[in-house]
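The values are calculated or read from the model by the stated rules, or taken from the named source; none is laboratory data. Every value quoted in this text rests on a predicted model; they were computed, and no experiment measured them. Neighbour counts run over all protein chains shown; Cβ positions are idealised from the backbone, glycine included.
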Amino acid sequence: MRMSRKAAAAIALAIAAAFPLSAHAHRAWLLPSATVLSGSEPWITVDAAISNDLFYFEHHPMQLDSLKVFGPDGAEVQAQNQATGKFRSVFDVQLAKPGTYRISVASDGLMGRYKLNGETKRWRGSVEKLAEIPAEATDLEITETQRRLETFATSGAPNEAALKPTGKGLELVPVTHPNDLFVGEEASFKLVMDGKPAADLEVTVIPGGIRYRTELKEVTLKTDAEGTFKVTWPEPGYYWISASVRDAKPSTEKAKSRSASYVATLEVLAQ
Amino acid sequence: MRIVLPAALAGLIATPALAADLTVSIQIPEMSVAEYHKPYVAVWIEGADKSITNLAVWYDVKAKDNKGNEWLKDLRQWWRKIGRETTMPADGLSSATRAPGEHTLDFSGSNEPLKNLKPGQYTLVVEAAREVGGRELLKVPFTWPAASAASGSAQGTTELGAVKLELKP
């Protein structure tokens, strides 16, 4: 298939935008309508977008291909009413059982860069699709990209069954329950890489509402030897938590290096 | 069993001589707003030892299919400390929302829920949340049981008026 250079550039941009925490400054996020719920079988609706400012729909919708929701018994729950618009995707989740739900968009893929006839080319795919890269390509570099975006919601009393890490890539293990966060209190979380403590890792914490203030109010923290970091919430609201790791331990030998990222949207309640 | 009675009736009940009594009066303010709903109100006791004793929850108990439970989370401190672990409605605890005016709750130390309240420092907490309105939380510290008659109060400014606590030995 032939494609104009402009169209190819547009597609490349769209692909970059669909991936959170790429080299671009965009931020990817899930925004639940509520995180602490009462009553029987309540619903939440969740927005999923990629934007500059948190949490505004102003750039690109997030693709929901790898959306998964896990219920209070750890079993997968179907997200409903999925739709993708100009600036955001949206879906609903019914919290049919009491307890905590984990909503995640996680992917594990390969990104490639190579030269063909003197031109640098980019490729995105999986181990199965490596054959798409022309045999005559040179300077081939393949990186594994493990992305995980999450948010949490609880109906009734919080529980932990849905919060167990998968053991792949960068993940958050709550010490403080992610739906029991209150302004002025200290919360503690652990970051794990392939299930092991992600020590000495930078974590970025940004409160939502960027459009209505002049300062970013970004806080950069570091995990300790156990992968733990602690945050004392200065104000109530939604927070964007992000961390990423680059290492040379991809899960496939086809890749030379690995880039793993984790993003969570957490709601901090007023006292 | 806990006893909740209107103020007028409370005086008619004989009290065991040695049991300490606790009376809470809560003023729900009149509001001049376009859309008024009587507030959800929760009343509980927090101990210096972190113990929690639930005294009352006024909410839309009569709503069909427990629809009123949907908004119980808006009593957010109560929800965190008690509500999310409690099945509502709860016998002897939940009752309908109250109209503006003063409402009195009488509790005898010889009955539930005060029967097992250990001597010590406590705080009475009253939290109110109103649909399409605001939320307010008031605290009144006290010592239990009272050696002599004692009282305390807190003054609300938005969703609650005066909250008074009276203790009798």
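Among the residues of the stretch B:68-105, the ones that are out of contact with any Lys or Arg (no Cβ under 8 Å at 6 or more places or on another chain), among the hydroxyl-bearing types (Ser, Thr, Tyr) and surrounded by 14 or more Cβ atoms within 10 Å (Cβ to Cβ) come to 4 in all.
At pLDDT below 95, within 18 Å of B:Lys164 (Cα to Cα) and either away from chain A (no Cβ under 13 Å) or crowded, with 17+ Cβ neighbours inside 10 Å (or both): is that true of B:Ser108 in this structure? The answer is yes for B:Ser108. Residue count for the stretch A:165-191 satisfying the condition of being buried (at least 20 other Cβ atoms within 10 Å of the Cβ) and not in a loop (DSSP other than H, G, I, E, B): 7.
Quick check, is A:Ala153 over 14 Å from A:Ser251 (Cβ atoms), modelled with pLDDT of 95 or more, within 14 Å of chain B (Cβ to nearest Cβ) and part of a strand (DSSP E or B)? Break it down into steps so the answer makes sense when it comes.
Numbers: over 14 Å from A:Ser251 (Cβ atoms): yes; modelled with pLDDT of 95 or more: yes; within 14 Å of chain B (Cβ to nearest Cβ): yes; part of a strand (DSSP E or B): yes.
Yes; evaluated as a whole, the condition is true for this residue.
The set of residues in the stretch B:105-143 being in a strand (DSSP E or B) and closer than 14 Å to B:Leu160 by Cα consists of B:Val125, B:Val126, B:Glu127, B:Ala128, B:Ala129, B:Arg135, B:Glu136, B:Leu137, B:Leu138, B:Lys139, B:Val140.
Is it the case that some residue within the stretch B:126-135 is within 13 Å of another protein chain (Cβ to nearest Cβ), of a type in the set (Lys, Arg) and surrounded by fewer than 17 Cβ atoms within 10 Å (Cβ to Cβ)?
Looking only at the stretch B:126-135, we keep the residues that are within 13 Å of another protein chain (Cβ to nearest Cβ), and these are B:127, B:129, B:134-135.
In the following step, the residues that additionally are of a type in the set (Lys, Arg) were identified as B:135.
From the residues that got through so far, the ones that are surrounded by fewer than 17 Cβ atoms within 10 Å (Cβ to Cβ) too are none.
The answer is no, given that none of the residues of the stretch B:126-135 is within 13 Å of another protein chain (Cβ to nearest Cβ), of a type in the set (Lys, Arg) and surrounded by fewer than 17 Cβ atoms within 10 Å (Cβ to Cβ).
The criterion of at least 2 residues that are closer than 22 Å to A:Glu58 by Cα and touching a residue at least 24 places away in the same chain (Cβ under 8 Å) is met, among strands (runs of 3 or more DSSP E) falling completely within the stretch A:205-265, by A:237-247. Annotation: of all residues in the stretch B:55-80 being in contact with a strand residue (DSSP E or B) (Cβ under 6 Å, 6 or more places away or on another chain) and more than 22 Å from A:Leu269 (Cα to Cα), the one that is nearest to the other protein chains (Cβ to nearest Cβ) is B:Val61. Scanning the stretch B:81-93 for residues that are more than 7 Å from chain A (Cβ to nearest Cβ), at negative phi and touching a residue at least 12 places away in the same chain (Cβ under 8 Å) yields a count of 7. When A:Ala225 is tested against (1) over 16 Å from the mean Cα position of the chain (by Cα); (2) under 22 Å from A:Pro32 (Cβ atoms), only condition (2) is not met.
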